[in-house]
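J.: Next up is a structure, given as structure tokens.
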Amino acid sequence: MNYYDKLDFENIPSHIGIIMDGNGRWAKKRNLPRTFGHKEGTKRVIDIVETAYKLNIKSLTLYAFSTENWKRPEDEISKLMDLLAYYIKNQLEKIIKNNIKINVLGDYTKFPSSIVKLIDNALQRTESNDKMILNIALNYGGQTEIVDATKKIVKDIGDNKISIDDINTETFKDYLYTKGQSDLDLLIRPSGEFRVSNFLLYQLAYSEFYFSDILWPDFNENEFYKAIYDYQNRNRRFGGL
Ligand code: FPP
């Protein structure tokens, strides 16, 4: 079924987050090394960013590397870094042309210096873009994000920039890595896992969850439309009736 034709373009989620999962299993099913799955997964990143842009989605957040992913074998980590470098080098001009702003969630300074330089350049060159924000979660953990926010708040209070009474659930968001962006409307997790895996813990308070058995390297545009179509048929009440 073609889900694009079923979409309600007046009700496109503003912020979508994706836990790109299943690359390893995709490769294993084909008797290929896991890294082939990551390579194919990177092609889906290119497709889905383009699709999100065409749908006028305001923020797209992709979970590319968690604080726990350092536990993986060194050669797999190194291949993921190569793919990230490839993505930035290969896509940056198109991203700039399309007025997309890149934002990194997480402490990417722990990555190799060549990657840090590429990221810094991409951040700087897309800084004033405002059609869509592409958040790439790198060395990201949702709990760490909340702890970091808390530390920044304590510091601002200590520096007399704000008072305790200024802190509420809205102003807290100004201290998150997604400052200025809306909360997550839709969380997509492919590959048949039903976990949140420390992703956007604060921002997903009222988001709709979409789980799919499709592995990330097979998650094409139509699967993305299907997830949005499913979202559009939910009844979001935000705690009301
Ligand atoms: C999870 O699959 C996927 C990752 C840990 C990496 C995601 C990274 C990319 C798709 C490529 C680089 C990113 C960008 C933004 C260009 P898994 O390896 O955990 O799969 P499995 O659960 O089947 O083992």
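Each reported figure results from applying straightforward, stated rules to the coordinates on display, with no laboratory input. Not measured: the values here are computed from a predicted model. Positions of Cβ are backbone-derived with ideal geometry, glycine not excepted, and every protein chain shown enters the neighbour counts.
J.: Give me the Å³ per residue figure for the convex hull around the C-alpha atoms of region 20-88.
T.: Cα-based convex hull of region 20-88, divided per residue, equals 94 Å³.
J.: Using the Cα centre of the chain as the reference point, and only Cβ charges (+1 on K/R, -1 on D/E), how large is the resulting charge dipole? Debye, rounded to the nearest 20.
T.: 600 debye
J.: Given a 10 angstrom Cα cut-off, can you work out which residue in Trp26, Trp70, Trp216 is the most mobile in a GNM of the chain?
T.: Of Trp26, Trp70, Trp216, the most mobile in the Gaussian network model is Trp70.
J.: Can you tell me the length gained on complete extension of the stretch Val116 to Glu50, counting 0.36 nm per residue apart and subtracting the Cα distance?
T.: Gain on extension, Val116 to Glu50, equals 21.4 nm.
J.: Alpha carbon centre of region 136-211 versus region 45-83: separation in Å?
T.: For region 136-211 versus region 45-83, the Cα centre distance is 18 Å.
J.: Now, a different point. So who's got an amide H within less than 5 Å of the one on Lys101, skipping anything under 5 residues away but keeping other chains? H placed 1.01 Å off N, in plane.
T.: Placed amide hydrogens put Lys131, Met132, Ile133, Leu134 under 5 Å from Lys101.
J.: In whole Hz, with x marking every Gly and Pro, tabulate ³J(HN,Hα) for region 198-207 from phi via Karplus 6.51 cos²θ - 1.76 cosθ + 1.60, θ = phi - 60°.
T.: With coefficients 6.51, -1.76 and 1.60, one gets 6, 9, 6, 4, 6, 6, 9, 3, 10, 7 Hz.
J.: Determine Rg/Rh for region 44-176; Rg is computed over alpha-carbon atoms and Rh is the Kirkwood hydrodynamic estimate from the same atoms.
T.: 1.02
J.: Now for a different question. When the helices in the chain are scored as -39500 (n - 2.57) per DSSP H run of 4 or longer and the sum is shared across all residues, what 222 nm value do you end up with, to the nearest 500 deg cm²/dmol?
T.: Value at 222 nm, helices only: -13000 deg cm²/dmol.
J.: Further, regarding this structure: With the chain treated as a Gaussian network of Cα nodes joined by springs under 10 Å, which of Gly192, Gly41, Gly17 yields the largest mean-square fluctuation?
T.: Of Gly192, Gly41, Gly17, the most mobile in the Gaussian network model is Gly192.
J.: Also, I was wondering about something else. How many lysine pairs are close in region 132-241, with Cα atoms under 22 Å apart and the two 8 or more places apart or on different chains?
T.: Lysine pair count for region 132-241: 10.
J.: Give me the orientation-averaged projected area of the Cα convex hull of region 175-241, in nm², one decimal.
T.: 5.7 nm²
J.: Same structure, new question: Have a look at region 111-241 and give its Rg and Dmax from the Cα atoms, expressed in angstrom.
T.: Looking at region 111-241, its Cα Rg and Dmax stand at 17.7, 52 Å.
J.: Loop sites only, by DSSP: take the GluC sites (Glu not before Pro) in the chain that have at most 16 other C-beta atoms within 10 Å and name the longest stretch containing none of them.
T.: 69-126
J.: How big is the chain on each of its three principal axes, counting only the C-alpha atoms and giving the largest first in Å?
T.: 58, 49, 35
J.: Let me ask you something else. Note the full-extension length gain between Asp174 and Arg236 as 0.36 nm times their separation in residues minus their Cα-Cα distance, in nm to one decimal.
T.: Gain in length upon complete extension: 19.9 nm.
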